[in-house]
Amino acid sequence: WPEEGRGEDQRRRKGGSRRRRAARRAGSPRRDWPGEEREPQAPWAPDGLPHYPAPRQPPLPPIYAITPTYSRPVQKAELTRLANTFRQVARLHWVLVEDATRRSELVSRFVTRAGLPCTHLHIPTPRRYKRPGLPRATEQRNAGLAWLRQRHQHLPPPQPGVLFFADDDNTYSLELFEEMRTTRKVSVWPVGLVGGRWYERPVVENGKVVGWYTGWRADRPFAIDMAGFAVSLQVILSNPKAVFKRRGSQPGMQESDFLKQITTVEELEPKANNCTKVLVWHTRTEKVNLGNEPKYHLDTIKIEV
Ligand SMILES: *[C@@H]1O[C@H](CO)[C@@H](O)[C@H](O)[C@H]1NC(C)=O
């Protein structure tokens, strides 16, 4: 929408100045002819050019990015990287969900200085689920979903908006947000550096998803990474029971189990040039080495890292 609007504005400006130049050459005052498209009467700017009001556009649908996060040495660095990306995306609302029994001071301080609309939630993962081999961040993603539903359920439809699960260890191209912004129900795209391959992607034929290029369990109904799809707010609201399941959900099946509840493969909307462009990468920050941290003779001041 904004591209269209801007384009039209530019055409109108050009047309207007051409007409004015022609009028000056003809030595006649500028006037509107019957049947001619009227230019808006606007105040003249100091540079002598007319100032046109910005064309009225429908507002962009907001993007809700749900990010589960947990305390670790690289947490603040990862969140900073993410904020630097998200700050450049129009109408993005960041829903940060801490795996903790209370909001941490570090994340609270971070959120107030992040420079974009943020909602800061927290919910601890029950201890029995904190085992290797079990899916992670289930409770945090569900808390984000619950917050979104609560905020919108009493408002009349249509509720424009797009939901996206943005883990804090990935790298996101700004183009990705332009792509997902037009999601009508559920949109999908490739994810780079995942599943032991350069990329995984939905296989698209004639504009429809017909299968999955993946190195791992291609038999999954939706063989896609958490970073590979977005869902419209309307779909989230009209499927109030769709959540990430603990019971019966194996690791790596979370995405598929969730998408099964809200859509079908036939309905998926391929983005990123029919799923031929990688706009998000599953980067993993290297585990930091803190082996030289002193036990005694600590620094004289305490610094948040
Ligand atoms: C995707 O493929 C469909 C069908 O082949 C085509 O009509 C459409 O233009 C393609 N979209 C893009 C963005 O290339």
- Out of the residues in region 212-247 that are aromatic (Phe, Trp, Tyr) and not in a loop (DSSP other than H, G, I, E, B), which is surrounded by the fewest Cβ atoms within 10 Å (Cβ to Cβ)? 213
- How many of the residues in region 284-305 are within 26 Å of residue 193 (Cα to Cα) and either basic (Lys, Arg) or not in a loop (DSSP other than H, G, I, E, B) (or both)? 2
- Message: On the basis of being exposed (fewer than 11 other Cβ atoms within 10 Å of the Cβ) and either under 18 Å from residue 170 (Cα atoms) or in contact with a Lys or Arg (Cβ under 7 Å, 6 or more places away or on another chain) (or both), does residue 286 make the cut?
- Response: yes
- Quick one: is residue 139 at pLDDT 95 or above, within 16 Å of the ligand (Cβ to nearest atom) and among the charged types (D, E, K, R)? no
- How about region 142-155: which of its residues are modelled with pLDDT of 95 or more and aliphatic (A, V, I, L, M)? 143, 145, 146, 148
- Cβ-Cβ below 6 Å, separation at least six or inter-chain, first residue in region 192-207 and in contact (Cβ under 8 Å) with a residue 40 or more places away in the chain and farther than 12 Å from residue 268 by Cα, second within 16 Å of the ligand (Cβ to nearest atom) and in a loop (DSSP other than H, G, I, E, B): which pairs? 192/278; 199/190; 199/278; 201/190
- Task: For region 175-186, state whether one or more residues are touching a residue at least 12 places away in the same chain (Cβ under 8 Å), within 16 Å of the ligand (Cβ to nearest atom) and in contact with a Cys (Cβ under 6 Å, 6 or more places away or on another chain).
- Result: no
- Pairs under 6 Å by beta carbon, first residue more than 10 Å from the ligand (Cβ to nearest atom) in region 266-277, partner not β-branched (Val, Ile, Thr), six or more apart or different chains? 267/185; 269/187
- Message: Scan region 269-283 and tell me whether some residue there is under 23 Å from residue 135 (Cα atoms), part of a loop (DSSP other than H, G, I, E, B) and out of contact with any Gly (no Cβ under 6 Å at 6 or more places or on another chain).
- Response: yes
- Exactly one of 147, 198, 189 is surrounded by fewer than 18 Cβ atoms within 10 Å (Cβ to Cβ), of a type in the set (Phe, Trp, Tyr) and under 22 Å from residue 280 (Cβ atoms), and that residue is 198
- Does residue 193 fit the bill of being over 23 Å from the mean Cα position of the chain (by Cα) and not acidic (Asp, Glu)? no
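Here's the yes/no breakdown for (1) out of contact with any helix residue (DSSP H, G or I) (no Cβ under 8 Å at 6 or more places or on another chain); (2) within 16 Å of the ligand (Cβ to nearest atom):
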residue	(1), (2)
188	no, yes
193	yes, no
202	no, yes
212	yes, no
218	yes, no
234	yes, no
249	no, no
279	no, yes
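The values are calculated or read from the model by the stated rules, or taken from the named source; none is laboratory data. Everything numeric here is computed off the predicted structure, so don't read it as measured data. Positions of Cβ are backbone-derived with ideal geometry, glycine not excepted, and every protein chain shown enters the neighbour counts.
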